[in-house]
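The values are calculated or read from the model by the stated rules, or taken from the named source; none is laboratory data. For clarity, every value in this text was computed on a predicted model and none was experimentally measured. So basically every Cβ, Gly included, is an ideal-geometry build from the backbone, and we count neighbours across all protein chains shown. Heads up: the accessible areas ignore ligands, DNA and RNA and are worked out on the full protein's heavy atoms, side chains in. Shrake-Rupley method; radii C 1.70, N 1.55, O 1.52, S 1.80 Å.
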Amino acid sequence: MSRFEAKKPSLCTSEPLMSEGVRATLSVLKGIVTSCYGPSGRLKQLHNGLGGYVCTSSQSSALLHHLSVTHPVLKILTTSVQNHVSCFSDCGLFTAILCCNLIENVQRIALTPTTVISLNKHLLSLCTSYLKSEACGCRIPVDFSRTQVLLCLVRSILTSKPACMLTRKEIDHISALILQAFLLTIPENINDHIILGTSIIVPLKGQRVVDSTVLPGILIEVSEVQLTRLLPAKKSGALKVAVFCTTLSGDVSDTGEGTVVVSYGISLENAVLDQLINLGRQLVSDHIDLVLCQKVIHPSLKQFLSVHRVIAIDRIGVTLMAPLSKVTGAQPIGSLGSISPSSYGNVKDLCTAKFGSKHFFHLIPNEATICSLLLCNRNDTIWDELKLTCQTALHVLQLTIKEPWVLLGGGCTETHLAAYIRHKTHNEPESILKDGEYTQTELLLIAEAFCRALESVAGSLEHDGGEILTDMKYGHFWSVQADAPSVVNWPDLFSQCGCGLYNSQEEFSWSFLRSTHHPFVPQTCLPHEAVGSASNLTVDCLTAKLSGLQAAVETASLILDLSYVIEDKN
């Protein structure tokens, strides 16, 4: 077929970061993510101009999912952040802001991209080694026999998501529920390899947040009519269960893995229905008490099972199939043919429950590590944001099992780390310059740009024009309200640093965050009484923060190294 118009040549752009348009676009993206950062971050509304779903959020996963990005340079950045969030759930905004700051700061330095990338790699290694070392002054161990630090971690995540619209009481309540749900997924008998269970979030909108609760097992929503019809057949005690992942509706276009053999002249629909009834007879003869079907069960089969006092629940949905299999021990059945007895499972009990206007069957497991978090909130928009936040918190708790450490939050890790890098590069440059490939001047320039980028992330927590200071002892983050008097004793204006570990009554000397000051050695001694009885600390997940740091530096290096962007415009 001939072309209606000639094929256009590819558009080749050299040195894309030198383009004013690309710089402006990066600046806009930086402004968006920076303004969302922290507990007082501003919310964003994303929607299609033609109508449809409206997303109101400040979370990176929601923002980047709904944000339409077209320029290749921005796609690299947003895709990298999305990949990080898909693996670690948290620290997406931190990653995006740090990456933008690194690119922006380095552009002001007249050094080759090769030099910048190589030295940034050394500085990243320096950061990673320090944050993983015993000498790190912003790392706190997690003791799973105590809940204080874990609660601080969950509370910090909830507090940093203002679109959840939670009060302090509601934050405490949801934090406790998330931690309870997480602990229920940990098996009692732990071997060399821990296989965690699943927390299923069940929606209940239009109710108070404090009505949320956690139940072991699985909640299956049913209508009041269905509940009333099945109640007479309800049995107490252990129940034998069959789980079907194929339809039992009699639809001949979907017979699952099995086949239907029909003699000539016989109605196909009647043949399938006969096979369904034969299946029902087998279930009854195998003493099945409960049939769960992912899809639809034919009314005749339902009636047959009901007569024989077998509870049949259909339209379970694909989401619950894996948890159901784990709770019951049953193998999902995908055919209408003969069923192996090994496919069946069992549950400890089946109860009914009512929350708000909804009715549920509650499957109580024997020992399975599955629980249901019944999550309440006032409307759809706030509930969606709270669900996403709860999923993040549960995932972060799982990551903490692998690396049982948290980092001080509230900007303190970033400012402390910047102070540490400045000290190392000024006083021990030989540890980085041992190959003789770069000069000390180049190292100091790149290190300062790197430290400024870290401090800018911490500074992004302030959205109201307040002053930001660091102390010259620990290198922590301190924020002062915008309307503070110009001449005043600083300790009178704030009580605690960003993470809440230190108070301002200690003998500190102060410096404005972005001011020039002599490098100092940040002290690394953590007060044991503060860490041991931590109840109001702001902390971050070590694993997620380290990954975000690495993703930000590597993505910035990739973008800085771009020489050409070739776009096919056809």
- Task: Taking all protein chains together and a probe of 1.4 Å, list Glu134, Glu506, Glu20 from the most accessible to the least accessible.
- Result: Glu134, Glu20, Glu506
- Largest to smallest principal axis extent of the C-alpha atoms in the stretch 269-319, angstrom: 29, 27, 15
- Task: Sort the stretch 41-193 into rounded, prolate or oblate with this rule: let a ≥ b ≥ c be the square roots of the eigenvalues of the Cα gyration tensor; rounded if a/c is under 1.5, and if a/c is not under 1.5, prolate when a/b is larger than b/c, oblate otherwise.
- Result: oblate
- Task: Provide the solvent-accessible area of His423, counting protein heavy atoms only and rolling a 1.4 Å probe, rounded to the nearest 10 Å².
- Result: 30
- Query: Can you run phi through the Karplus equation (6.51, -1.76, 1.60; θ = phi - 60°) for the stretch 60-69 and list ³J(HN,Hα) in whole Hz, with x for Gly and Pro?
  - Reply: 4, 4, 6, 5, 6, 5, 9, 7, 8, 10
- With every protein chain kept in place and a 1.4 Å probe, the residues Glu5, Glu188 fall, from largest accessible area down, as Glu188, Glu5
- Message: Counting only protein heavy atoms and a 1.4 Å probe, tell me what percentage of the chain's accessible area is made up of carbon and sulfur.
- Response: 52
- Rounded to the nearest 10 degrees, what's the angle between the helix 412-427 long axis and the longest principal axis of the chain, both from Cα atoms, 0 to 90? 40
- Gyration tensor on Cα atoms of the stretch 1-54, a ≥ b ≥ c root eigenvalues, a/c under 1.5 rounded, else prolate if a/b beats b/c, else oblate, says oblate
- Query: Spin-label point model (7 Å from Cα, Cβ direction): what's the Ser125 to Ala6 distance in nm?
  - Reply: 5.2
- Query: Near the amide H of Trp405, under 5 Å away, which other amide H atoms are found, from residues 5 or more places off or on another chain, if H is placed in the peptide plane?
  - Reply: Val142, Leu542
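For the stretch 61-127, what D do you get in µm² per second when you plug the Kirkwood radius from alpha-carbon pairs into Stokes-Einstein at 37 °C and 0.692 mPa s? Don't skip to the answer; put the middle values down first.
Values: Rh = 13.4 Å.
The diffusion coefficient I find is 246 µm²/s.
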- Counting helices only, and only those DSSP H runs with n ≥ 4, report the 222 nm mean residue ellipticity of the chain as the sum of -39,500 (n - 2.57) divided by its residues, in deg cm²/dmol to the nearest 500. -13000 deg cm²/dmol
- Considering Cα pairs under 8 angstrom that are at least six residues apart, work out the relative contact order of the stretch 327-428 and quote it in whole percent. 16
- Task: Classify the stretch 114-166 as rounded, prolate or oblate, taking a ≥ b ≥ c as the square roots of the eigenvalues of its Cα gyration tensor: rounded when a/c is under 1.5, otherwise prolate if a/b is larger than b/c and oblate if not.
- Result: oblate
- Message: Given points 7 Å out from each Cα along the Cα-Cβ axis, report the Ser431 to Met18 separation in nanometres with one decimal.
- Response: 3.8
- Query: Percent of alpha carbon pairs in the stretch 130-234 separated by more than 17 Å?
  - Reply: 70
- Query: Between Asp349 and Lys205, what is the spin-label point distance in nm, taking each point 7 Å from the Cα along the Cα→C-beta axis?
  - Reply: 3.3
- Note on the structure: The long-range amide H neighbours of Phe477, using H built 1.01 Å from N in the peptide plane and a cut-off of under 5 Å, are Cys412, Gly498, Cys499
- Query: R0 = 41 Å: FRET efficiency of Asp561 with Arg281, Cβ-based, nearest 0.05?
  - Reply: 0.05
- Please report the Cα spread of the chain along all three principal axes, rounded to whole Å, starting with the longest. 90, 75, 46
- What angle do you read, to the nearest 10 degrees and between 0 and 90, between the alpha-carbon axis of helix 168-184 and the longest principal axis of the chain? 60
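How about the stretch 356-430: which GluC sites (Glu not before Pro) there are in a DSSP loop, with at most 16 other Cβ atoms within 10 Å of their Cβ?
Qualifying residues, ordered by number: Glu367.
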- Message: Students often forget the sequence filter, so: which lysines lie under 24 Å Cα-Cα from Lys205 once same-chain residues fewer than 8 apart are removed?
- Response: Lys44, Lys161, Lys169, Lys354, Lys358, Lys387
- Message: I need the Debye-formula profile for the stretch 332-383: one equal scatterer per C-alpha, no solvent, reported as log10 I(q)/I(0) at q = 0.21 1/Å, two decimals.
- Response: -0.94
- Message: Quick check: with the 1.4 Å probe, what order do Lys348, Lys30 take by accessible area, largest first?
- Response: Lys348, Lys30
- Largest to smallest principal axis extent of the C-alpha atoms in the stretch 1-127, angstrom: 59, 41, 28
- Task: Compute the acute angle (0 to 90°) between the alpha-carbon long axis of helix 440-459 and the principal axis of greatest extent of the alpha-carbon atoms of the chain; round to the nearest 10°.
- Result: 50
- Query: Which lysines, on any chain, are close to Lys240 with Cα under 22 Å apart, when same-chain ones fewer than 8 places away are left out?
  - Reply: Lys295, Lys302, Lys326, Lys348
- Calculated on alpha-carbon atoms, Rg and Dmax of the stretch 327-482 in Å: 27.2, 78
- Item | Under 21 Å from the Cα of Lys121 - lysines, other chains or at least 8 residues apart | Lys132, Lys424, Lys434, Lys545
